[in-house]
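Please treat every number below as a calculation from the coordinates, not as lab data. For clarity, every value in this text was computed on a predicted model and none was experimentally measured. Every residue, glycine among them, receives a Cβ derived from its backbone with ideal geometry; neighbour counts consider all protein chains shown.
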Ligand SMILES: NC(=O)c1ccc[n+]([C@@H]2O[C@H](COP(=O)([O-])OP(=O)(O)OC[C@H]3O[C@@H](n4cnc5c(N)ncnc54)[C@H](OP(=O)(O)O)[C@@H]3O)[C@@H](O)[C@H]2O)c1
């Protein structure tokens, strides 16, 4: 069974689309904390490199929030952007110097002293695990990052990096939902369980597609039917399906609407029985299990 970590994280990837001023972003963060979500997910590249500064502005408008929240950030993807004129080609960069510089920049933009977690955003074919290890040790010693993890890693990539680290990777943030089932069968969730790593599910509602799944599809019908049986919304059932997995998945919720987040947190009340879980899996796969 996995260690710590709550069942929900608030993802701020879409923040630049929310049309909120810093005080409103601070209000959103504060409302999440009131719902029991104290961990927030960002990345250096989100919002074309603007997301972390927006969160920083929000925290500046309400500095008391800083001590109530934990921030996860990521590095390793280099976008072609007006904000990074030196990038000619989209690429990955997990070099020692890039990791250190990226974290320093994240801390500066966010206006905080330390990240709760730093994740390597995607597996880099040029990843040198020894270099990453050296950067992690420096960041930890300097008190700039408390914990480390990865994102979108397959088990062999996770194992390679872990083999060079003195401390355990704490998470693998991966795409998991009823519309994205790969990690159930490719060994990723098995590895999380074996190594007591808490998986974080990004796009747990498939970016909203699960909320809007047509009744014309087997999955849309199954979500509605099982929702009626449990007295839950379809979105709550989609989250309850993740919560039922023994890897103790944390869902990274991407909504900018606090009412929706509140409803999804309530999904904890619905513990799906085994047959309902498989009913949804079969509907999602579009065919019976073997
Ligand atoms: N590690 C990675 O590679 C990676 C990749 C992508 C994302 N992420 C992280 O994962 C987080 C979540 O991703 P996501 O935004 O795709 O998650 P999601 O929770 O699956 O989707 C959220 C989107 O669905 C919409 N939505 C529509 N109807 C909804 C309903 N009834 N309830 C809730 N949401 C509804 C939301 O709109 P409203 O805002 O209008 O509610 C929002 O645009 C991101 O913020 C980011 O932190 C990580």
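According to the calculation over all Cα-Cα pairs in the chain, the P(r) per 10 Å bin from zero is 6, 28, 34, 23, 8, 0 %. Taking the C-alpha atoms only, the angle from helix 96-110 to the longest principal axis of the chain is near 80 degrees.
Evaluating kT/(6 pi eta Rh) at 25 °C and 0.890 mPa s, with the Kirkwood radius of the range 8-169 over Cα pairs in the Stokes-Einstein relation, gives 152 µm² s⁻¹.
Cβ-Cβ distance of residue 289 and residue 90, R₀ of 35 Å, FRET efficiency by 1/(1 + (r/R0)^6): the value works out to about 0.35.
For the options 256, 11, 36, a Gaussian network treatment of the chain with springs between C-alpha atoms closer than 10 Å singles out 36 as fluctuating the most.
Mind checking the angle between helix 51-61 and the chain's longest principal axis? C-alpha axes, 0 to 90 degrees, to the nearest 10. Approximately 80 degrees, to the nearest ten. Using only the C-alpha atoms, the convex hull of the range 103-230 corresponds to 151 Å³ per residue.
Taking the centroid of alpha carbons for each part, the range 62-86 and the range 194-250 are 28 Å apart. Taken over the alpha carbons of the range 236-290 as equal point scatterers, the Debye sum produces base-10 log I(q)/I(0) values at 0.12, 0.15, 0.17, 0.18 Å⁻¹ of -0.32, -0.48, -0.59, -0.65.
Taking every alpha-carbon pair in the range 184-290 and binning the separations at 5 Å intervals from zero gives 2, 12, 22, 24, 22, 12, 5, 1, 0 percent. If one computes the Cα centroid of the range 7-25 and of the range 101-133, what distance in Å separates the two points? That distance is 21 Å.
Rounded to the nearest 5, what % of the DSSP beta bridges within the chain are antiparallel ones? Given both bridge residues lie in the chain, the antiparallel proportion sits at roughly 15 percent. Structural descriptor for the chain: relative contact order 18 percent, calculated from alpha carbon pairs under 8 angstrom and at least 6 residues apart. Over the range 47-120, the ratio between the Cα radius of gyration and 2.2 N^0.38 Å evaluates to 1.16.
With respect to the chain, whose longest principal axis is taken over its alpha-carbon atoms, helix 129-141 is tilted by about 80°.
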